[in-house]
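Enquirer: I'd like to ask you about the structure that follows.
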């Protein structure tokens with residue numbers, strides 16, 4: 001693989017939709033990118049669609065069809081990022097910097113053929129590196145790629161973050177900056193908790209748990225790729241020059257920031273965009289659970305939590321969480337499956353959410369679960385389901401109690 005001339009350091013930046021929402025915003029991004037280029041760096045910029053463009057395109061499609069074809073949705077939605085990338089390249093030229101915009105497919109993003117939720121197979125980075133070697137800033141559309149059958153694909157929610165990290169891997173960059181409308185990763189959502197603390201650093205594993213449990217600063221797929229290939233992530237503001245949050249290995253975090261940053265609980269995450277599905281009175285037989293989750297797997301549905309109750313008189317109950325947006329795609333199949341496997345009832349509850357504590361202290365310190373449950377009890381918040389791992393404890397609660405639950409748990413561990 002070729003590299004930029006004279007071993008020039010490579011900088012990969014990702015700008016979200018709010019950062020490129022207007023022409024003025026794009027000019028500001030162009031000025032910031034130009035400053036980095038003039039420092040002698042080879043710069044790659046990955047952009048999202050402008051503002052709410054993606055939402056607007058989805059709304060347009062729904063005016064025409066209740067269930068548009070997934071392939072055509074990919075063709076429609078990938079246009080948003082193309083507009084952002086082209087405009088930013090134009091603005092960079094006005095700043096006196098040579099620039100070129102590339103679609104995901106032009107930039108070598110190869111995916112599988114799953115429309116609207118494609119998985120990345122590889123990044124062929126030679127074309128990007130060629131442009132960097134010639135001195136250009138390379139502006140790439142996030143969120144999209146191409147299958148080996150030459151079909152346009154999109155990566156689903158958080159796809160621009162995922163694209164940026166994948167491109168960093170593909171061209172050998174060691175860091176990837178995620179520049180957004182917040183200046184780092186906080187111990188809880190600042191819109192809910194009055195005084196959350198910004199983290200100096202967070203381990204890959206902790207950030208992966210927080211992202212998968214609802215923290216929206218980074219998408220879990222981007223963190224998975226970063227951890228696998230050792231790419232450090234820096235989450236910081238797209239409008240202000242200030243330190244952000246470094247996402248890296250635990251070893252590097254402790255070495256650079258010291259033991260004072262080794263806290264029991266790293267943060268509190270929540271997710272209101274979930275639905276609880278319960279299959280009651282399921283026959284306690286081998287293969288039943290497999291049938292349930294194979295059915296969901298055919299729709300590429302991620303299961304967020306699974307609880308199976310103890311068997312009584314040859315039957316048990318299976319409950320699990322799915323994202324609210326995927327529920328409509330699987331509801332009919334679940335109803336048919338409930339009849340097929342002999343379940344006595346199918347229940348769907350969309351009025352729930354999850355609240356979770358995340359940190360290495362969950363496995364290291366005793367009493368974390370008791371403190372979490374007690375903090376909820378003091379607020380008279382009932383716990384529906386509980387799930388645990390080495391790094392997190394997650395509770396399902398009523399959605400109308402979710403913000404109160406986040407505040408209570410944050411007070412207990414982080415204030």
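Every number here is computed from the coordinates shown, using simple stated rules; none is lab data. Worth saying up front: this structure is predicted, and the values here are computed from it rather than measured. Ideal geometry is used to build each Cβ from the backbone, glycine not excepted, and the neighbour counts take in all protein chains shown.
Enquirer: Considering only DSSP beta bridges where both residues belong to the chain, give the percentage that are antiparallel (nearest 5).
Expert: Of the beta bridges lying entirely in the chain, close to 60 percent run antiparallel.
Enquirer: Rank-order 276-287, 164-175 by packing density, defined as the average count of other C-beta atoms within 10 Å over each peptide's residues, highest first.
Expert: Most protected by this proxy first, the peptides run 164-175, 276-287.
Enquirer: Using Cα pairs closer than 8 Å and at least 6 residues apart in sequence, work out the relative contact order for the range 79-124, in percent.
Expert: Once normalised by length, the contact order is 26 percent.
Enquirer: Could the peptides 92-98, 339-345, 207-213 be put in order, highest first, of the mean number of other beta-carbon atoms found within 10 Å of their residues?
Expert: Per-residue Cβ counts within 10 Å, averaged per peptide and sorted highest first, yield 207-213, 92-98, 339-345.
Enquirer: If I take every Cα pair under 8 Å that is 6 or more residues apart in the range 268-414, average their sequence separation and divide by the length, what percent do I get for the relative contact order?
Expert: 30 percent
Enquirer: So what is the relative contact order of the chain, in percent, for Cα pairs below 8 Å that sit 6 or more residues apart?
Expert: 13 percent
Enquirer: In nm, to one decimal, how far is the residue 149 label point from the residue 389 one, both placed 7 Å along Cα→Cβ?
Expert: A separation of 3.2 nm, rounded to one decimal place.
Enquirer: While we're looking at this one, here's another question. Across 10 Å bins from the origin, how do the percents of Cα pairs in the range 123-187 run, short distances first?
Expert: Bin by bin from 0 Å, the calculated values are 18, 46, 29, 7, 0.
Enquirer: FRET efficiency for residue 323 and residue 124, Cβ-Cβ distance as r, R0 = 25 Å, nearest 0.05?
Expert: Once rounded, the FRET efficiency stands at 0.20.
Enquirer: For the chain, set up a GNM with springs between Cα atoms under 10 Å and report which of 147, 61, 48 has the largest fluctuation.
Expert: 61
Enquirer: Mind jotting down the distance between the C-alpha centroids of the range 4-57 and the range 286-327, whole Å?
Expert: Between the Cα centres of the range 286-327 and the range 4-57 lies a distance of 42 Å.
Enquirer: Between residue 256 and residue 56, what is the FRET efficiency for a Förster distance of 35 Å, r being their Cβ-Cβ separation, to the nearest 0.05?
Expert: Calculated value: 0.25.
Enquirer: Next up: Using the Kirkwood formula over every pair of different C-alpha atoms, what hydrodynamic radius in Å results for the range 268-414?
Expert: 16.3 Å
Enquirer: Using R₀ = 51 Å, calculate the FRET efficiency as 1/(1 + (r/R₀)^6) where r is the Cβ-Cβ separation of residue 27 and residue 349; round to 0.05.
Expert: Rounded to the nearest 0.05, the efficiency is 0.60.
Enquirer: Another one. Determine the calculated [θ] at 222 nm for the chain from helices alone, applying -39500 (n - 2.57) to every DSSP H run no shorter than 4 residues and normalising by the residue count; nearest 500 deg cm²/dmol.
Expert: -12000 deg cm²/dmol
Enquirer: Connecting C-alpha atoms closer than 10 Å in a GNM of the chain, tell me which of 350, 310, 360 has the biggest fluctuation.
Expert: 310
Enquirer: Need the full-extension length gain, residue 308 to residue 197, defined as separation in residues times 0.36 nm minus the C-alpha distance. One decimal, nm.
Expert: 36.3 nm
Enquirer: What is the fewest-to-most order of 14, 228 by other Cβ atoms lying within 10 Å of their Cβ?
Expert: In order of increasing Cβ crowding within 10 Å: 228, 14.
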